[in-house]
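Below: the structure, in structure tokens.
The values are calculated or read from the model by the stated rules, or taken from the named source; none is laboratory data. All figures in this text were calculated on a predicted structure; none of them were measured in a lab. Don't worry about glycine lacking a Cβ; one is built from the backbone with ideal geometry, like all the others, and counts go over all protein chains shown.
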Amino acid sequence: MTESSYCTGGPDRGDDHPSEECGVVAISTRDDDAARLAFFGLYALQHRGQEAAGIAVSDGRAVRLHKGQGLVNQVFQPGTLDPLVGSMAIGHTRYSTTGSNSERNVQPYLVETIHGPLGVAHNGNLVNADRLRTRLLERGAGLQSSSDSEVLALMLAAADGDSWEERLANVMPDWEGAYCLVVICGTKVLAARDPWGFRPLSMGKLPTGGNVVASETGALQTLGCVDIREVEPGEVVVLSGPIARGHRALPAKDKLARCTFEHIYFSRPDATWDGLLVHQARQNLGEELAREHPVEADVVIPVPDSSMPAAIGYSNVSGIPYNEGFVKNRYIGRTFIEPTDELRRQGVALKFNTLDSNIAGRRVVMVDDSIVRGTTSGSLVRLIREAGATEVHVRITCPPITNPCFFGVDMGTYEELISHQLGVPEICDHIGADSLGFLPVLSMMKALGRDDGYCNACFTGSYPIPIQLSLATEKKRFDGVLG
């Protein structure tokens, strides 16, 4: 769902974590309450995007759409859900970067076609979006947004085929990159996943009849789904009433490219993906981190929330007691009210307070999931020292991020990535830590119990899809937007 295929940073630039782009959900039920189920599905996916949300609903005759900027419960209230009557729905919750958080980029997209109304919502990023956009413009298409999700919608609307699933299968070979797509059309809901398997997508059965597709298994569990399984790379799923069927539109790539950061940071800890419970995967990462970078210390503390299982794992292997050292204000990053200059200068103090009694006089191991731009880690180290720590040792559950992502994750440009500019000793000095340790790639994959099948390009620079030189060069200087 990216705009111009590039990204440079989110609306909350004080958060130094990578940013996921969005979450999608698709519903097919026996009754006319699909919109309400889609709402709760999106609510469970709120962590994947806090800037905008939308739901499109069909009763088999007409498609109704409501979308807007804000959190899911801000965009949808009882009065806005009431007119959204139908047994089929798709939904989208969106993350955007600076400059792209505009109403025209909010999804789903709804277009009229010769075959009837078509609604599309998308998670991911096409690396050939600019070429596809140019092709559409040359054919006279009128693009209303700067998002490649609209490119997908218009290409699908113009595709050849006797049914929407056939048209989708016919156009998927033209799409290069990461996409999980949900489509509402006529009396069916479709979902598709790219053949590399970059982004997660799963499906399950509703206990009352019907089926759901969602970005994470946690959303399916929230709706009470059973028989949950992963949508396979290259698979198209067709939902119609209580019936669900899937078929391979494209063969899965020989080398899959699941995003490692889903396990490290993005997904909820209760999510299961690639057969792995995310909470357990994060605990395994912390255990490997303790083996790779031991240190004499008195307490292990996590940077909430995604690093908590990893800190438990580090504690288990090292024998250093685990405790909480930070209290996180989980809502400050989701406010649309700008702080005053004085508050802004306090930086992470808006988001974190320290539990001084757990830190004072102790040698602290601070476990975090990543260092991207280096804008947060130094402030966290400083907060720990101000709370009375005698030493601060920083441990990171992934390798240094030296390369940007072209597949739908906001990690910044080459110039913004601190590990692209500095070595580990220099980063340690920059953040003011006594020591700094990153988890090597091989140890990270050992923690996941996998030898391959994952995209680690942000660590290694080895991209699963060849990146055009012009695209990589543009990425270095682009200050633009992603939607």
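Quick notes on this one:
- Whichever residue in the stretch 40-62 is of a type in the set (A, V, I, L, M, F, W, C) and surrounded by 24 or more Cβ atoms within 10 Å (Cβ to Cβ) and, among such residues, is farthest from the chain's Cα centre (by Cα): Val57
- Taken over the stretch 352-397, the criterion of being surrounded by fewer than 17 Cβ atoms within 10 Å (Cβ to Cβ), of a type outside the set (S, T, N, Q) and more than 24 Å from Pro294 (Cβ to Cβ) is satisfied by Leu355, Asp356, Arg382, Glu386.
- The residues of the stretch 438-459 that are aromatic (Phe, Trp, Tyr) and closer than 18 Å to Leu422 by Cα, listed by number, are Phe438, Phe459.
- Residue check for Gly412: in a loop (DSSP other than H, G, I, E, B), surrounded by fewer than 18 Cβ atoms within 10 Å (Cβ to Cβ) and not hydroxyl-bearing (Ser, Thr, Tyr): no
- Taking the stretch 63-81 as the range and being among the polar types (S, T, N, Q) and either assigned to a loop (DSSP other than H, G, I, E, B) or within 20 Å of the chain's Cα centre (by Cα) (or both) as the test, the residues that pass are Gln69, Asn73, Gln77.
- In summary, Arg245 fulfils each of the numbered conditions (1) in contact (Cβ under 8 Å) with a residue 12 or more places away in the chain; (2) outside any loop (DSSP other than H, G, I, E, B); (3) over 23 Å from Phe406 (Cβ atoms); (4) outside the structural domain of Ser357 (by TED's automatic domain parsing) with the single exception of condition (1).
- Test: Ala349 is modelled with pLDDT of 95 or more and either surrounded by 15 or more Cβ atoms within 10 Å (Cβ to Cβ) or within 18 Å of Asp434 (Cβ to Cβ) (or both): no
- Residue satisfying condition, being at pLDDT 90 or above and either under 27 Å from Ser370 (Cβ atoms) or in the same structural domain as Met88 (by TED's automatic domain parsing) (or both), within set Gly23, Gly14, Gly9: Gly23
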